[in-house]
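First comes the structure, then the notes that go with it.
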Amino acid sequence: MTYSLIIDGKAVATPRTFDVINPATGEVLSACPQGSVADLDSAVAAARRAFPAWAATPDSERQDALGKIADLIEAHQEELAALITAEQGKPQAGPGAPFEVGGCVAWTRVTQGLSTGPEVLIDSDEERVELIREPVGVVASITPWNWPLMIAVWHVMPALRAGCTVVMKPSPYTPLSTLKLVQLINEAGILPAGVLNVVTGDAEVGDRISSHPDIDKIAFTGSIATGRRIMERAGSTLKRLTLELGGNDAGIVLPGTDMSKRMEDLFWGSFINAGQTCSCLKRLYVHEDDYDAVCEGLANFVAGIKVGNGAEPDTLIGPLSNKMQFDKIVELVEDARAKGARILTGGETPNGNGYIYPLTIIADATDEMRVVAEEQFGPILPVIRYSNLDDAIAKANALEVGLGASAWGNDPEEAAKVARKMVAGTRWVNRHGVLNPTVPMGGVKQSGIGVEFGEEGLREYTTVQILSMAK
């Protein structure tokens with residue numbers, strides 16, 4: 001299959017390519033066009049030209065366009081899911097690649113139905129004042145490799161719905177499904193030329209996005225370090241930013257909680273997508289009286305889960321997405337082992353060229369271990385013992401991140417009291433990482449700026465402008 005950039009409604013070939021690796025095998029999957037700063041400039045110029053007409057397009061027509069895109073994704077679900085499995089590793093079974101594509105459809109349809117119509121603030125005999133939300137302009141979307149297509153949809157669909165034009169830059173680890181989606185949209189003629197463009201590129205292209213004078217807003221999902229760099233460079237033009245910068249989500253099991261009926265929810269909250277999800281549970285605090293039982297239950301549960309090549313029909317957890325992440329996971333487990341942690345299951349680096357790592361439960365973990373202090377982003381879960389609930393809450397809140405958190409208890413109301421004391425953008429009770437396209441999601445502290453999803457997320461792609469009239 002041949003891939004190309006899409007700029008101003010045209011497929012653009014590049015003189016250079018780079019290899020995309022299948023993480024299950026370590027083998028080259030495909031060559032991908034290597035975009036340049038010049039390609040980015042062309043895409044931004046096209047988006048700038050297309051913006052006035054798209055912003056002036058009747059709202060109903062923009063809604064209709066999103067409906068057609070949802071239909072298109074649905075019609076190509078099998079093809080897109082196969083690409084995600086091949087380039088990112090998600091399995092075809094369970095909440096894997098088909099689940100991701102289904103999420104793209106659902107988020108697009110929900111966004112289609114959202115509205116940010118005018119709001120009348122004052123209407124008296126003397127005056128009428130309206131708050132009007134106008135599209136912010138040209139939006140750059142920079143997406144990560146863990147949910148490559150769904151996070152692209154999270155960025156792009158509200159931008160299009162609000163009347164913005166878009167330039168996308170997918171991760172070089174997982175560009176193919178995004179390139180394919182934009183190609184399909186372009187070939188179907190759903191959007192005018194220049195409204196949706198996609199350019200690949202290296203760090204130089206990313207830096208150009210951050211400081212580009214004709215980009216009005218950046219939507220970025222990724223690491224805190226990269227988010228800081230984007231924010232620093234974007235300051236020169238005062239760009240709007242939506243930054244979802246990950247987290248190191250904590251979960252607290254209240255004393256005396258029977259977790260035997262919660263193991264499946266706890267498992268998927270921790271290990272969906274091999275733990276490569278910003279809103280996964282990554283630190284679990286368990287009372288000392290229940291510690292051994294919870295650790296044993298977790299170890300027994302994960303022992304029955306098939307980990308392997310996502311193309312195999314019985315695989316529920318796929319590989320790590322790239323060698324960089326694989327090497328980091330190995331380092332974190334070995335650091336914990338060297339510092340006295342017990343590896344209850346997993347923890348051994350398998351033979352082979354792919355990036356498959358076993359599900360790993362780490363007991364006797366402490367807050368000083370890297371696997372607790374750092375966001376591991378992999379199929380490992382450290383379990384930390386506590387004796388005092390207030391101390392556990394303080395430790396859960398001690399890090400600089402605050403994306404998600406959860407409390408687990410026999411009584412949901414009692415657990416909710418603990419959850420409210422945890423500092424995070426979303427606090428779950430007896431579940432973790434559950435997202436909904438109608439419910440805003442964002443982080444506090446250094447887990448990001450702004451929110452996504454629902455009407456709150458749609459507003460992120462608009463500016464507030466007031467119309468004040470004397471009667």
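Taken over the stretch 226-266, residues that are without any contact (Cβ under 8 Å) to a residue 24 or more places away in the chain and open to solvent by less than 70 Å² (accessible area, probe 1.4 Å) amount to 2. Which one is most open to solvent (accessible area, probe 1.4 Å) among residues in the stretch 314-342 that are in a helix (DSSP H, G or I) and of a type in the set (Asp, Glu)? If we take residues in the stretch 314-342 being in a helix (DSSP H, G or I) and of a type in the set (Asp, Glu), then Glu331 is most open to solvent (accessible area, probe 1.4 Å).
In this structure, Arg283 does satisfy being of a type in the set (Lys, Arg) and either in contact with an Asp or Glu (Cβ under 6 Å, 6 or more places away or on another chain) or touching a residue at least 60 places away in the same chain (Cβ under 8 Å) (or both).
Restricting attention to the stretch 105-122, the residues that are surrounded by 16 or more Cβ atoms within 10 Å (Cβ to Cβ), without any contact (Cβ under 8 Å) to a residue 60 or more places away in the chain and either touching a Ser or Thr at 6+ places or on another chain (Cβ under 9 Å) or more than 30 Å from Ile132 (Cβ to Cβ) (or both) total 1. Within the stretch 2-59, the residues that satisfy the criterion of being of a type in the set (A, V, I, L, M, F, W, C), closer than 25 Å to Ala311 by Cβ and open to solvent by less than 30 Å² (accessible area, probe 1.4 Å) are Val20, Ala24, Cys32. Restricting attention to the stretch 407-441 and to residues that are of a type in the set (D, E, K, R) and not in a loop (DSSP other than H, G, I, E, B), the residue that is surrounded by the fewest Cβ atoms within 10 Å (Cβ to Cβ) turns out to be Glu413.
Tallying residues that are more than 27 Å from the chain's Cα centre (by Cα), charged (D, E, K, R) and crowded, with 18+ Cβ neighbours inside 10 Å within the stretch 343-379 yields 1. Phe301 meets all of the listed conditions (1) in a helix (DSSP H, G or I); (2) touching a strand residue (DSSP E or B) at 6+ places or on another chain (Cβ under 7 Å) but one, namely (2).
Residues that are over 30 Å from the mean Cα position of the chain (by Cα) number at least 3 in the following strands (runs of 3 or more DSSP E) confined to the stretch 118-158: 119-123, 127-135. The residues listed here are Glu79, Glu74, Glu100, Glu87; of these, the one that is out of contact with any strand residue (DSSP E or B) (no Cβ under 9 Å at 6 or more places or on another chain), open to solvent by less than 30 Å² (accessible area, probe 1.4 Å), among the acidic types (Asp, Glu) and more than 15 Å from Val195 (Cβ to Cβ) is Glu100. Restricting to the stretch 267-286, and then to whatever is surrounded by 24 or more Cβ atoms within 10 Å (Cβ to Cβ) and more than 14 Å from Gly404 (Cβ to Cβ), can you tell me which residue is farthest from the chain's Cα centre (by Cα)? Selected residue: Val286.
The values are calculated or read from the model by the stated rules, or taken from the named source; none is laboratory data. In this text the structure is predicted, and so the values were computed from the model without any measurement. Virtual Cβ from ideal backbone geometry, glycine too; neighbours counted across all protein chains shown. Just the protein is used for accessible areas: all its heavy atoms, side chains included, with ligands, DNA and RNA removed. Shrake-Rupley method; radii C 1.70, N 1.55, O 1.52, S 1.80 Å.
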